[in-house]
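Have a look at the structure below before the remarks.
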Amino acid sequence: MPFRQEVFIEAQSGNCASFFIRIQPMLWRLVNHPLLRRLRPLARKVRGVIEPIGRLSVQRLPGLIRRDKSRAVTIVSANLWHDWPKYRNFADRLESFAGMVEAQKADVVLLQEVARRPNLRVDQWLSERLGMAYAYSRANGAEAGIGFEEGLAVLSRFPIQALHLRQLGSNANIFVHRLALGATVLSPWGPFVAISVHLALFKHQNARQLAHLHTWLKTVTGKLPAVIGGDFNTHETSAQMTRTHSSWTDTFRLLHPNADGTTHELCTPRGRVLRRSRLDYIFLQPGEAKWEVLETRHLDGCNGPHSDHRAVLTRLVLST
């Protein structure tokens, strides 16, 4: 299997990073006090959880590089629902998802809520299971500190070149990070940028993060086309999504203007549906190489639901 490595990207805007640097000496002076040394294990856990983002795991080459130009590029975006700390049906759900990716012959997979535990790193497991290159960034938690973390990942049947990482929105909450993780993938039709996104639940935070994402992507993609997929945590009728549709192509709505786009249902413990929303999207940002949307739909795992979200699939062809 191609060589894995850890890389560091300066992805954090200054406020949170500088706060983290300032707080560390104070924290360790406090727990080194003779009366408080019992708190040292707790302090290590806190330090791990609030550590700024920036460290990525990457395997740049897939097990077998796809070089043919005979079919469309297939993109899948999925929230894998880590379900911490219960992990209900987690192994079965992962296998169901992997089977779906294989059945659809996906070339690039954009993932959210990718769990890491001491006995299972989902990003690496999927990379090995599917023979794909991958990049992963922690978002929240700390595998070494508390035994669990979750983040974003991009998997690719094409080689991965440049990596892109950004924390979105305000850095005021040092315990919760919302990210965009991207990779420039080298397809047989030319390079494009694949971005995985997971935004906040609360309306105003979500709107700020989405605006930040738009601004950041202009500096990252340049003239390259980009596919932006993920759990945007806002329905398509929200004001920020209306603005987004003016800049990017909503691949699902382009082909299905009137279809039910629900990807998530909020239910009671007894299964009664309280709210149905479209939270998961794949957008296309035009570049100099123009791509056309050939097919798009919503999917579940091949052996039952893989998550509490449905996955989004889009097939693209290079425009002539």
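Rule-based calculations on the coordinates, nothing more; no lab input. Bear in mind the structure is a predicted one, so any value in this text is a computation, not a measurement. No Cβ is skipped: glycine too gets one built from the backbone with ideal geometry, and neighbour counts run over all protein chains shown.
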Practice item. Note down the relative contact order for segment 5-318 as a percent, whole number, built from C-alpha pairs under 8 angstrom at least six residues apart. Key: 19
Revision key, fill the gap. So, with points 7 Å from each Cα along the Cβ direction, the Asn173-Leu274 label distance in nm works out to 1.7
Review point. Of Lys203/Lys223; Lys69/Lys105; Lys69/Lys290, which sit over 21 Å apart, Cα to Cα?
Key: Lys203/Lys223
Review point. How much FRET efficiency would the formula 1/(1 + (r/R0)^6) give for Glu128 and Arg243, where r is the Cβ-Cβ distance and R0 is 30 Å, rounded to 0.05?
Key: 0.15
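Can you check what the Kirkwood hydrodynamic radius comes to for the chain, Cα pairs only, in Å to one decimal? The partial results should precede the final answer.
Details: mean 1/r = 0.0494 Å⁻¹.
Computed over Cα pairs of the chain, the Kirkwood hydrodynamic radius comes out at 20.2 Å.
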Practice item. Name the residue farthest towards the positive end of the dipole of the chain from the options Leu274, Ile228, Leu120, assuming +1 on Cβ of Lys and Arg, -1 on Cβ of Asp and Glu, about the Cα centre. Key: Leu120
Point to revise | Shape call, segment 215-304: gyration tensor on alpha carbons, a/c limit 1.5 | key: prolate
Exercise for review: Determine the distance separating the Cα centre of segment 280-320 from the Cα centre of segment 153-210; give it in Å without decimals.
Suggested key: 16
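On a full-extension model of 0.36 nm per residue, what is the gain between Ser319 and Lys69, subtracting their alpha-carbon distance, rounded to one decimal in nm?
Numbers: separation 250, 0.36 × 250 = 90.00 nm, distance 1.31 nm.
This chain segment gains 88.7 nm when fully extended.
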Revision key, fill the gap. Once the dipole of the chain is set up from charges on Cβ (+1 Lys and Arg, -1 Asp and Glu), the residue from the list Gly63, Asn206, His177 lying farthest towards its positive end is His177
Practice item. Sum -39500 (n - 2.57) across every DSSP H segment of at least 4 residues in the chain, then divide by the residue count to get the 222 nm mean residue ellipticity, nearest 500. Key: -8000 deg cm²/dmol
**Study point:** Largest-first ellipsoid semi-axes for segment 85-186, taking √(5λ) over the Cα gyration tensor eigenvalues, angstrom
**Key:** 23, 19, 11
